[in-house]
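Novice: I'd like to ask some things about the structure below.
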């Protein structure tokens, strides 16, 4: 019988739900997997390259930032940073353009692997919670498959450093990192970001327009013809827009696993449908086309940048859907998901503040509970 | 000597005294208090500070060496029928018997059954919903001692002066529902209510909301503000014993459980028995314990030793192996909202913690941490393993201090 | 009257109107898309700031305290009108680009701020130096921002139609830098860099002072 | 263009697409200065809405009935407008203090600050001299249009300010890297807010 003295004394509660940040992030990655794999099949090496560069760069950014912030391995981290910038540029300048992304991937992967291991002192160097991988993958999914290799590379730096780490790291950012990166990339290199769509498994090698663009210009008369391809193998669009069906499958899994709740996806898509009927455009087409499903299920539901209360989520979803349709129909750009979600990210703190649940037993006189 | 919420008792005995079972050994003049009685007969070997299982510090204790005879004190004698006793007599008996709420909070029952005159009480709830997961003491009591419970319940109701009484039982205990329904069948003013099994259903406020749909206002609001008095089934049983045999509160039912415990059981034990003896009674442990907790897994208090005694508020002893023990470092809050979803008081623990960490008590106060009942649901759910309850406790204390200073 | 060098240099770093006093931000962010703009804007601000400092300092014995703000505004707006008309007449292109920011110099917080905080309380010479120094501090930051934004955002710096620096054709310039968000970002990062530099200097000074390798207390930013 | 539609476009342009703070960079000093408190931000917003409406009306009247007919507008509009605004704010402060103490309590302390709030002068000048703020809808405003425009600007100012105040209640307590703590981070946050507003560019051809 063990006596006293070596018992652990901790604060209550003494049992914990098995969920951790890491397990949640792994489930999100799993939810994105069907669409990602299908995209890899459809777009082949170019799609795989964008996804690989984006994810690996995102992880690389996380490790380097944390190392520099915590002041551990500063020397080797700077070396890794400089070399993964300089070597690809050198390779590129030497006329071996195609080898540049490969060099970048190799260098960054080597560094990530070396940091993930156990150091000689036996301590864990860097623990990955998977959030950077999610951001990297989401970024790749909102890029066209034929962008130059350095677009996802720069984008991942923007997403992780400017979108997330500068705010204090995971959980403190106000805006969705992947969408911040996409918005800045679009502003910086509009030409690369609005072309490079791929005609999958079809007759044309490349097509210059997405279904949304065609609908906008009126070039596509019969939108119902797009239903099936949008659902299964989108003829043109970002990597993550290959199949609304596979995204919904992933989303259903996340709902079932209670990783996300119904409020945001349902109100987002619902508001889009209602708005498109009011605006006199085809609701089915608009729900399936572009980044609507990807945005509503995977982007807008990002915990960090969306409201926490149920009421807040509903407001958030409805506003996102309405703004998306407003931009799609009445602005010059064919797509509005990125802008709508970023805008609502900005409003989230205010929504959270004003949709505070009524504490148990408090009878609220009018609005506001301030003393 | 400090077995309940309220003023601690002063010892009435000194070293070398001989005491009998049921003899009063500690008392306090304060209103919110309850006396303490000896649970054995024997000799007082020490009056000194000993480790307390809930306060986590040493408090004045009377150490009695049992002579094994369990000779009963002459003051212990039947108190007569409920009908023959007045309200004040009943309250006096409850107070003298040292009865406190046996759900866990150990609030003196005599105070609870004496509501101020201006509060109109119309319903009496008997709480048969377990206060925490893993604990089954209330469940066994209801199955085995249903008629005693009803007897004590009637006494308590008379003391409060209320007509209507409801026994509340969770829906995963059909045998208890059965037993209690049979026991109350003879009394038209009593009934049973079945509530959903979920933590923290056993909390007073949650129970009142579930059964009556009434919401108790936030602190300093009490159930009596909405016309309700709630008592635990164990308390009712103790009252019944005090009336029928005159024996004060010297024993209680304790759940001993946890994966290393060979034969988990509910034991009726004399107060003052050490945790170690109880665990041994349950077949001992199959592996080295990592944690021993007084109470349940959600709000229980981890002990540094198994030599602490059972007190009136000890509802369970939970032993955890190293494997069961979660010792993850907290990571960043990812604002997943699970704590908001889990909170039975509808608070936003993540914001309280955020502003508490920043030391901005003014902003933290906006999220009403004072309403928190510290059930631990938020911290249980938190995937980032943040000790939310502790942050809320800190915020509560700081805000109260700021108010007091003003 | 004593001439103090500090009146002139104060505005450059320690009390830089933009980076430290956080005033006059609006125009700084807006015009810094192009180095050329920043030079004209800087000159305009130096001109108005110095002259209005002089005048306000000169008339302070006869200025009633309770209506001083409207009086300051009238003085400042006269000088602004001069700049407005001169630029419009001689540099119509630059004027078109600076647009609203020239008339808005009137309410540029630097000018009113210095009038209130310095010129109204100090002699003419000191006020002149203060105006020059503050104006120079403003212009300095403006030019740095202009260089960063124009060079990165367009890949080259051109002035009066002449390309001064170019990053080469291989460089695909991120247009983001010359957009509105780019202005905020550049300014925030420059501010952070200055904080970093100052705390590094202070750290070095502290280390030299104590003569030990011990970690000195970090000097916080703003 | 229908009447209602035109008002709507003027309003939306002023509110969102040419947001005075985040897109036009006007009145940033107050934006960074007071957004660290939500209560202050709300008080300032109310005061700005009020002062802006009145001063735009004044400047519109002055321009259309005095300055423009006399042909002296180009030379005198800056001093005249700023003088009018400054004196009006002073008068108003005294007036409110005497007649409406509760209102004065709510926004009184912000009134003196408004004199140097460039947004007020900018909006007042825009309604008198359209094209001043380089909006794509710019023509001679009628008085109701001037009101709609000014209200849009003032609301856009308030919205950005209050949103920013709410965001800062989070960002100010985050473990931001040392040198960026405080104002630099406020600028980085504003950059991303501005980015979010840029998303509306081109809406309805504005």
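Novice: Condition test on residue A:39, is it touching a residue at least 24 places away in the same chain (Cβ under 8 Å) and either touching a helix residue (DSSP H, G or I) at 6+ places or on another chain (Cβ under 8 Å) or not in a helix (DSSP H, G or I) (or both)?
Specialist: On the way: touching a residue at least 24 places away in the same chain (Cβ under 8 Å): yes; either touching a helix residue (DSSP H, G or I) at 6+ places or on another chain (Cβ under 8 Å) or not in a helix (DSSP H, G or I) (or both): yes.
Yes.
Novice: Go through the stretch C:95-110 and count every residue that is in contact (Cβ under 8 Å) with a residue 12 or more places away in the chain and surrounded by fewer than 20 Cβ atoms within 10 Å (Cβ to Cβ).
Specialist: 1
Novice: Has the stretch B:120-132 got any residue that is more than 27 Å from residue B:216 (Cβ to Cβ) and not assigned by TED's automatic domain parsing to the domain that holds residue B:268? Before you say what the answer is, go through the steps one by one.
Specialist: Quick first cut of the stretch B:120-132, residues more than 27 Å from residue B:216 (Cβ to Cβ) only: none.
Looking through the stretch B:120-132, none of the residues is more than 27 Å from residue B:216 (Cβ to Cβ) and not assigned by TED's automatic domain parsing to the domain that holds residue B:268.
Novice: Which residues, counting only those in the stretch B:107-132, are within 24 Å of residue B:298 (Cβ to Cβ) and surrounded by fewer than 22 Cβ atoms within 10 Å (Cβ to Cβ)?
Specialist: The one that is within 24 Å of residue B:298 (Cβ to Cβ) and surrounded by fewer than 22 Cβ atoms within 10 Å (Cβ to Cβ): B:107.
Novice: Any residue in the stretch C:36-43 that is more than 20 Å from residue C:114 (Cα to Cα), surrounded by 15 or more Cβ atoms within 10 Å (Cβ to Cβ) and in contact with a strand residue (DSSP E or B) (Cβ under 9 Å, 6 or more places away or on another chain)?
Specialist: Yes, there is a match, as at least one residue in the stretch C:36-43 is more than 20 Å from residue C:114 (Cα to Cα), surrounded by 15 or more Cβ atoms within 10 Å (Cβ to Cβ) and in contact with a strand residue (DSSP E or B) (Cβ under 9 Å, 6 or more places away or on another chain).
Novice: Is one or more of the residues making up the stretch C:164-179 closer than 23 Å to residue C:95 by Cβ and away from every other protein chain (no Cβ under 14 Å)?
Specialist: Taking the stretch C:164-179 and keeping what is closer than 23 Å to residue C:95 by Cβ, we get C:164, C:178-179.
Then keep just the ones that are away from every other protein chain (no Cβ under 14 Å); that gives C:164.
Yes; the residues of the stretch C:164-179 include at least one that is closer than 23 Å to residue C:95 by Cβ and away from every other protein chain (no Cβ under 14 Å).
Novice: Next question. Would you point out the residue of the stretch D:14-43, among those that are farther than 30 Å from residue C:21 by Cβ and under 13 Å from the mean Cα position of the chain (by Cα), that is farthest from the other protein chains (Cβ to nearest Cβ)?
Specialist: Of the residues in the stretch D:14-43, the ones farther than 30 Å from residue C:21 by Cβ are D:15-17.
With under 13 Å from the mean Cα position of the chain (by Cα) added as a condition, the list becomes D:15-16.
Numbers: D:15: 13, D:16: 9 Å.
Looking at the filtered set, the residue picked out is D:15.
Novice: May I ask you to verify whether residue B:388 is within 17 Å of residue A:11 (Cα to Cα), over 22 Å from the mean Cα position of the chain (by Cα) and more than 7 Å from chain A (Cβ to nearest Cβ)? Reasoning before the result, please.
Specialist: Numbers: within 17 Å of residue A:11 (Cα to Cα): yes; over 22 Å from the mean Cα position of the chain (by Cα): yes; more than 7 Å from chain A (Cβ to nearest Cβ): yes.
It is true that residue B:388 is within 17 Å of residue A:11 (Cα to Cα), over 22 Å from the mean Cα position of the chain (by Cα) and more than 7 Å from chain A (Cβ to nearest Cβ).
Novice: Go through the stretch C:127-152 residue by residue and tally those that are within 14 Å of another protein chain (Cβ to nearest Cβ) and surrounded by 20 or more Cβ atoms within 10 Å (Cβ to Cβ).
Specialist: 5
Novice: Picking from D:187, D:151, D:204, which residue would you name as being modelled with pLDDT under 85 and either closer than 30 Å to residue C:194 by Cβ or part of a helix (DSSP H, G or I) (or both)? Steps first, please.
Specialist: Working: D:187 fails: modelled with pLDDT under 85; D:151 fails: modelled with pLDDT under 85.
Exactly one residue qualifies, and that residue is D:204.
Novice: Another question, then. Could you grab me the full set of residues in the stretch A:324-352 that are more than 8 Å from chain D (Cβ to nearest Cβ) and within 17 Å of residue A:284 (Cα to Cα)?
Specialist: A:324, A:325, A:328, A:329, A:334, A:335, A:337
Novice: Hey, among the residues in the stretch D:179-206 that are facing another protein chain (nearest Cβ under 7 Å) and out of contact with any helix residue (DSSP H, G or I) (no Cβ under 7 Å at 6 or more places or on another chain), which one's nearest to residue D:163 (Cα to Cα)?
Specialist: If we take residues in the stretch D:179-206 being facing another protein chain (nearest Cβ under 7 Å) and out of contact with any helix residue (DSSP H, G or I) (no Cβ under 7 Å at 6 or more places or on another chain), then D:182 is nearest to residue D:163 (Cα to Cα).
Novice: Which is farther than 15 Å from residue D:192 by Cα and within 7 Å of another protein chain (Cβ to nearest Cβ), of A:193, A:170? If you could, list the steps in order and put the result at the bottom.
Specialist: Working: A:193 fails: within 7 Å of another protein chain (Cβ to nearest Cβ).
Of A:193, A:170, the one residue that is farther than 15 Å from residue D:192 by Cα and within 7 Å of another protein chain (Cβ to nearest Cβ) is A:170.
Novice: Given (1) crowded, with 24+ Cβ neighbours inside 10 Å; (2) not in a helix (DSSP H, G or I), identify the lone condition not met by residue A:136.
Specialist: Failing condition for residue A:136: (2).
Novice: Right, another one. Name every residue in the stretch D:162-178 that is within 17 Å of residue D:37 (Cα to Cα) and either more than 14 Å from chain C (Cβ to nearest Cβ) or without any contact (Cβ under 8 Å) to a residue 40 or more places away in the chain (or both), in order of residue number.
Specialist: Narrowing the stretch D:162-178 to residues within 17 Å of residue D:37 (Cα to Cα): D:162-174.
Residues satisfying the conditions are D:162, D:163, D:165, D:166, D:167, D:169, D:170, D:171, D:173, D:174.
Novice: Given the criteria buried (at least 22 other Cβ atoms within 10 Å of the Cβ), over 21 Å from residue B:50 (Cβ atoms) and modelled with pLDDT under 85, does residue B:349 qualify? Step through it out loud before you land on a result.
Specialist: Numbers: buried (at least 22 other Cβ atoms within 10 Å of the Cβ): yes; over 21 Å from residue B:50 (Cβ atoms): yes; modelled with pLDDT under 85: no.
No, not satisfied.
Novice: Just a yes or no: is a residue in the stretch A:49-63 touching a helix residue (DSSP H, G or I) at 6+ places or on another chain (Cβ under 8 Å), in a helix (DSSP H, G or I) and surrounded by fewer than 16 Cβ atoms within 10 Å (Cβ to Cβ)? Give the derivation first.
Specialist: To start, the set of residues in the stretch A:49-63 that are touching a helix residue (DSSP H, G or I) at 6+ places or on another chain (Cβ under 8 Å) comprises A:49-63.
Now restrict to residues that are in a helix (DSSP H, G or I): A:49-63.
Filter once more, so that each one left must be surrounded by fewer than 16 Cβ atoms within 10 Å (Cβ to Cβ): none.
There is no residue in the stretch A:49-63 that is touching a helix residue (DSSP H, G or I) at 6+ places or on another chain (Cβ under 8 Å), in a helix (DSSP H, G or I) and surrounded by fewer than 16 Cβ atoms within 10 Å (Cβ to Cβ).
Novice: Right, here's the next one. Which number in (1) farther than 16 Å from residue C:41 by Cβ; (2) surrounded by fewer than 17 Cβ atoms within 10 Å (Cβ to Cβ) marks the one condition that residue C:159 misses?
Specialist: That leaves (1) as the condition not met.
Novice: Can I ask one more? Limited to the stretch B:362-373, what total is found for residues that are more than 8 Å from chain A (Cβ to nearest Cβ) and either under 26 Å from residue B:215 (Cβ atoms) or crowded, with 20+ Cβ neighbours inside 10 Å (or both)? It would help to see each step written out before you state the result.
Specialist: Of the stretch B:362-373, the ones more than 8 Å from chain A (Cβ to nearest Cβ) are B:362-364, B:369-370, B:372-373.
Narrowing further to those that are either under 26 Å from residue B:215 (Cβ atoms) or crowded, with 20+ Cβ neighbours inside 10 Å (or both): B:363-364, B:369-370, B:372-373.
Residues meeting the conditions: 6.
Novice: Is it the case that some residue within the stretch B:268-280 is under 16 Å from residue B:54 (Cβ atoms), touching a strand residue (DSSP E or B) at 6+ places or on another chain (Cβ under 7 Å), within 9 Å of another protein chain (Cβ to nearest Cβ) and assigned to a loop (DSSP other than H, G, I, E, B)?
Specialist: Scanning the stretch B:268-280, I find no residue that is under 16 Å from residue B:54 (Cβ atoms), touching a strand residue (DSSP E or B) at 6+ places or on another chain (Cβ under 7 Å), within 9 Å of another protein chain (Cβ to nearest Cβ) and assigned to a loop (DSSP other than H, G, I, E, B), so the answer is no.
Novice: Anything in the stretch A:294-334 that is in contact with a helix residue (DSSP H, G or I) (Cβ under 7 Å, 6 or more places away or on another chain) and assigned to a loop (DSSP other than H, G, I, E, B)? List them, or say none.
Specialist: Selection gives A:300, A:301, A:305, A:306, A:307, A:308, A:309, A:331, A:333, A:334.
Novice: Any residue in the stretch C:130-147 that's free of Cβ contacts under 8 Å to residues at least 40 places away in the same chain: show its pairings with residues that are part of a helix (DSSP H, G or I) and surrounded by fewer than 24 Cβ atoms within 10 Å (Cβ to Cβ) at Cβ separation under 6 Å, as long as the two are six or more apart or on different chains.
Specialist: none
The values are calculated or read from the model by the stated rules, or taken from the named source; none is laboratory data. It should be emphasised that the depicted structure is a prediction, and the values quoted were computed from it without experimental measurement. Using ideal geometry, Cβ is built from the backbone for each residue, glycine included, and neighbour counts are taken over all protein chains shown.
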